[in-house]
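Here's the structure, in structure tokens; my notes come after.
The values are calculated or read from the model by the stated rules, or taken from the named source; none is laboratory data. Since we're looking at a predicted model, the values are computed, not measured. Cβ: placed from backbone, ideal geometry, glycine included. Neighbour counts: every protein chain shown. SASA here: full protein model, heavy atoms, side chains in, ligands and nucleic acids out. Shrake-Rupley method; radii C 1.70, N 1.55, O 1.52, S 1.80 Å.
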Amino acid sequence: IAQLRAFAEQAGRDPQDITLAMGSSIQFTDGATTGPRSLFTGTPAHIGDTLRRYQELGIQNFRCDFPSSSLDGLLQAMERFATEVWPKVA
């Protein structure tokens, strides 16, 4: 992010005019995982902590994907994100 801002300044642009965004899949797991976990995989608390860290780095917009093999699974994951994660990071 620091290098992006430096490039913007070198190009004569205001770095604050650049919106920083990223996207990732979000997958809920209930309970402990063994070994390293994927970036946005875990409990709602884990996912919220990760999102907050990216906000602190300057990410302003985040696109979420909720992989699922069914419409019901997708809707459940979206509802869970909306009620258990988003209120703690918004």
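Cβ-Cβ under 7 Å, sequence separation 6+ or interchain: first residue in region 54-66 and under 16 Å from Val85 (Cα atoms) and of a type in the set (S, T, N, Q), partner assigned to a strand (DSSP E or B) and open to solvent by 60 Å² or more (accessible area, probe 1.4 Å). Which pairs?
Cβ pairs passing all conditions: Asn61/Ala21.
Which condition breaks for Arg63 when tested against (1) in contact with a helix residue (DSSP H, G or I) (Cβ under 9 Å, 6 or more places away or on another chain); (2) not in a helix (DSSP H, G or I)?
(1)
Just to be sure before I move on: is Thr19 touching a strand residue (DSSP E or B) at 6+ places or on another chain (Cβ under 9 Å) and not in a helix (DSSP H, G or I) in the structure I sent?
Yes: the conditions hold for Thr19.
Identify the single condition in (1) assigned to a helix (DSSP H, G or I); (2) within 15 Å of the chain's Cα centre (by Cα); (3) of a type in the set (S, T, N, Q) that Ser38 does not satisfy, given that it satisfies every other one.
Going through (1) assigned to a helix (DSSP H, G or I); (2) within 15 Å of the chain's Cα centre (by Cα); (3) of a type in the set (S, T, N, Q) one by one, Ser38 breaks only (1).
Which one is nearest to the chain's Cα centre (by Cα) among residues in region 1-16 that are farther than 19 Å from Arg53 by Cβ and not in a helix (DSSP H, G or I)?
Asp14
Quick check on region 68-83: of everything there that is open to solvent by 70 Å² or more (accessible area, probe 1.4 Å) and part of a helix (DSSP H, G or I), which residue is nearest to Met22 (Cα to Cα)?
At the first step, the residues of region 68-83 found to be open to solvent by 70 Å² or more (accessible area, probe 1.4 Å) are 69, 71-72, 75-76, 78-79, 83.
Add one more test, that the residue is part of a helix (DSSP H, G or I), and what stays is 71-72, 75-76, 78-79, 83.
On the way: Leu71: 24, Asp72: 26, Leu75: 22, Gln76: 23, Met78: 18, Glu79: 21, Thr83: 21 Å.
So, considering only residues that are open to solvent by 70 Å² or more (accessible area, probe 1.4 Å) and part of a helix (DSSP H, G or I), the one nearest to Met22 (Cα to Cα) is Met78.
Of everything in region 51-67, what is in contact with a strand residue (DSSP E or B) (Cβ under 7 Å, 6 or more places away or on another chain) and exposed (fewer than 11 other Cβ atoms within 10 Å of the Cβ)? Give them in sequence order.
Listed by number, the residues that qualify are Asn61, Arg63, Pro67.
Name the single residue that is least open to solvent (accessible area, probe 1.4 Å) among those in region 19-35 being among the polar types (S, T, N, Q) and modelled with pLDDT of 90 or more.
By that ranking, first place goes to Ser24.
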